[in-house]
Each structure stands twice: as structure tokens, then as C-alpha cells.
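Below: the structure, in C-alpha cells.
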Amino acid sequence: MKLKITQPDLVQISTPLQLAASTVISGLVCMKIGDMLYGRTGQVLGLMAGLVAGFFGYIAVIIKKEQ
């Protein structure tokens, strides 16, 4: 049995992967910035801020695409 992946399937799979990548990458970038500025505490705060910003930033992109 072969698994066939069509174009609509790729679009549906692609959105959650892009959301996850956006969230993780922005979290890691903000974590590094926080580490350089404030040390260990800044690293934790930067990670949390980056994860939230990445998640809601990509949600805004999805909403903008739907309009």
C-alpha cells in the first residue's frame, strides 16, 4: 500500500510545522539575547518571551492570510 500525499495535505501539514518552527526559533533567539544581557535569569525570561512572541506572531500571520 502506497501513501499518497496531495497538495492540500501538504498545506494542512505545513501550517503546524511552520508554527512550531517559528515558536522554537524565536524562543531560542530571545533566549540567547537574554543570556547576553542579563545572564541565567535573562536566558529564562528571554526564552519565555520568545516562545510567546513566536506563537502569537505566527498566529497573526495565519489570520492575515485568511482575510
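The values are calculated or read from the model by the stated rules, or taken from the named source; none is laboratory data. All values reported here derive from a predicted model rather than from experimental measurement. Ideal geometry is used to build each Cβ from the backbone, glycine not excepted, and the neighbour counts take in all protein chains shown.
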Of the residues Gly27, Gly46, Gly34, Gly42, which is at pLDDT 85 or above and under 9 Å from the mean Cα position of the chain (by Cα)? Gly27
Suppose we keep only residues that are closer than 12 Å to Ser22 by Cα and free of Cβ contacts under 8 Å to residues at least 40 places away in the same chain within the stretch 48-59. Which one would you say is surrounded by the fewest Cβ atoms within 10 Å (Cβ to Cβ)? Phe56
